[in-house]
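S.K.: Structure provided below as structure tokens; questions to follow.
The values are calculated or read from the model by the stated rules, or taken from the named source; none is laboratory data. Everything numeric here is computed off the predicted structure, so don't read it as measured data. Neighbour counts run over all protein chains shown; Cβ positions are idealised from the backbone, glycine included. When the accessible area is computed, the model is the full protein with side chains, heavy atoms only, and any ligands, DNA or RNA have been set aside. Shrake-Rupley method; radii C 1.70, N 1.55, O 1.52, S 1.80 Å.
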Amino acid sequence: MRKYALVLILILLTGLMAGCISSSGSTTTSSESLPSETQTLSPTTTSTSTTTTPTETPTSTETSKRYDILELLQAVSEIKQFTYVSNATISMVVTVEQEGITQKDHVNLSIVEEGYMDFESWSAWINSTTVSMPDGASTNFSQVIVGNVTYIRTIAGWIKTDDSTTSKFLWEYNLVSLARKYLTRDPDEREEGDVLTLIYYLRSSDLEPLARMYFATTPDTEISVDNGILELYFKDGELVGGKISYTVSSKTVIDDPMLGTMTITQEGSWNEVIEIKSINEKKSVKEPST
């Protein structure tokens, strides 16, 4: 059954690469140990400064501005281009059943992504590295999207696909688009501080597409998603990052002429931290030669 575990890892990586997670480095940092510049996205306690005059007049307190949801929505709506880096971690228990034999494996993946999105020209580029732990095996992945056309880099070069599934997912489920969608209502939780954190419970209509893009290895994969949370981080009224997390379970039946029939179930969690690196800085996106 060990060879089936290896095949399973390839299946998982193939399924993940079908989505639009990405990055240019082979970093294996988890969301709990991000670089210092990303850690600043975590909410902190509002600081107050108290000044007492020599005559002991009453103290004065400086408070940060409280932004309302409409102000934040307006700021996010004005984002035309943005670059970002993200770090996603996947922790799963994978069970493979075949011919009465069952094997369970713990699968941990780290996906580091770097990308640029342009809502004016509907173009984007994304680079990623997926690392399986603890063995350290990595897979690099690159995409260029122009409108509804997606170019995927493989060992053999660039492949062009007119299937709009990937591009549609990219334009709808990036952090900025999700912020625009959820900022139309009040957050489920709000945490004030140097960084304002808005917390939304993800709707099931958004949860299933998110999970299916990354965990469905076949069109008929059964998927159940729960505990979906979207966090949006703002500093001085500007979107600076966010987090997407949920738990997922899936079941896939694969009938292979060489390996026979395998039933693969996955149960675990997805956690992704995104940091906005720049806003409204135009960059060039060129269609690669195929």
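S.K.: Amide H to amide H under 5 Å from ALA137: which residues, 5+ apart in sequence or cross-chain, H placed 1.01 Å off N in plane?
M.R.: Counting only residues 5 or more places away or on other chains, the set is SER132.
S.K.: Arranged from highest to lowest average of other beta-carbon atoms within 10 Å per residue, in what order do the peptides 142-149, 259-266 appear?
M.R.: Going by the mean number of other Cβ atoms within 10 Å, highest first, we get 142-149, 259-266.
S.K.: So, one more: Using each residue's phi in the stretch 218-235, evaluate 6.51 cos²θ - 1.76 cosθ + 1.60 at θ = phi - 60° and report the 3J(HN,Hα) Karplus result to the nearest Hz, with x for Gly and Pro.
M.R.: With the stated coefficients, the stretch 218-235 comes to 9, x, 9, 4, 8, 10, 10, 10, 8, 6, x, 10, 10, 10, 10, 10, 10, 10 Hz.
S.K.: Whole Å is fine, so just give me how far the alpha carbon centre of the stretch 88-139 lies from that of the stretch 213-253.
M.R.: 13
S.K.: Would you pull out the residues with amide H under 5 Å of LYS283's amide H, same chain only if 5 or more places away, H placed 1.01 Å from N?
M.R.: Counting only residues 5 or more places away or on other chains, the set is empty.
S.K.: Just to verify a number: what accessible area does ASP256 come out at with the full protein assembly present, 1.4 Å probe, Å² rounded to tens?
M.R.: Roll a 1.4 Å probe over it and ASP256 shows about 50 Å².
S.K.: Classify the stretch 169-290: rounded, prolate or oblate, from the alpha-carbon gyration tensor (a ≥ b ≥ c, eigenvalue square roots; a/c under 1.5 rounded; otherwise prolate if a/b is larger than b/c)?
M.R.: Note, shape of the stretch 169-290 comes out oblate.
S.K.: Right, something else. Apply the Karplus curve 6.51 cos²θ - 1.76 cosθ + 1.60, θ = phi - 60°, to the phi angles in the stretch 163-173 and return the couplings in whole Hz, x for Gly and Pro.
M.R.: With the stated coefficients, the stretch 163-173 comes to 5, 7, 4, 5, 5, 4, 4, 4, 6, 8, 10 Hz.
S.K.: Ok, one more. Where a ≥ b ≥ c are the square roots of the eigenvalues of the C-alpha gyration tensor, would you call the stretch 67-279 rounded, which needs a/c under 1.5, or, failing that, prolate if a/b is larger than b/c, or oblate? Could the numbers behind the result be given before it?
M.R.: Details: a/c = 2.11, a/b = 1.52, b/c = 1.39.
Prolate shape, in that a/c is at least 1.5 and a/b is the bigger ratio.
S.K.: Going by a ≥ b ≥ c, the root eigenvalues of the Cα gyration tensor, does the stretch 113-164 fall in the rounded group (a/c under 1.5), the prolate group (a/b larger than b/c) or the oblate group?
M.R.: It is oblate, given that a/c is not under 1.5 and a/b is not larger than b/c.
S.K.: Quote the FRET efficiency, to the nearest 0.05, computed for THR263 versus ASP226 with a Förster distance R0 of 25 Å and r equal to the Cβ-Cβ distance.
M.R.: Step by step, r from the Cβ atoms, then E = 0.70.
S.K.: With the Cα gyration tensor of the stretch 122-205 in hand, give its eigenvalues times 5 under a square root as the equivalent ellipsoid semi-axes, listed largest first in whole angstrom.
M.R.: 32, 20, 11
S.K.: For the stretch 197-208, what does the Karplus curve 6.51 cos²θ - 1.76 cosθ + 1.60, with θ = phi - 60°, yield as ³J(HN,Hα) per residue in whole Hz, taken in order and with x for Gly and Pro?
M.R.: 10, 10, 10, 10, 8, 5, 6, 4, 5, 9, 5, 5
S.K.: Determine how large the accessible area of LYS181 is when every protein chain is in place; take a 1.4 Å probe and give Å² rounded to the nearest 10.
M.R.: Only protein atoms counted, so the area is about 60 Å².
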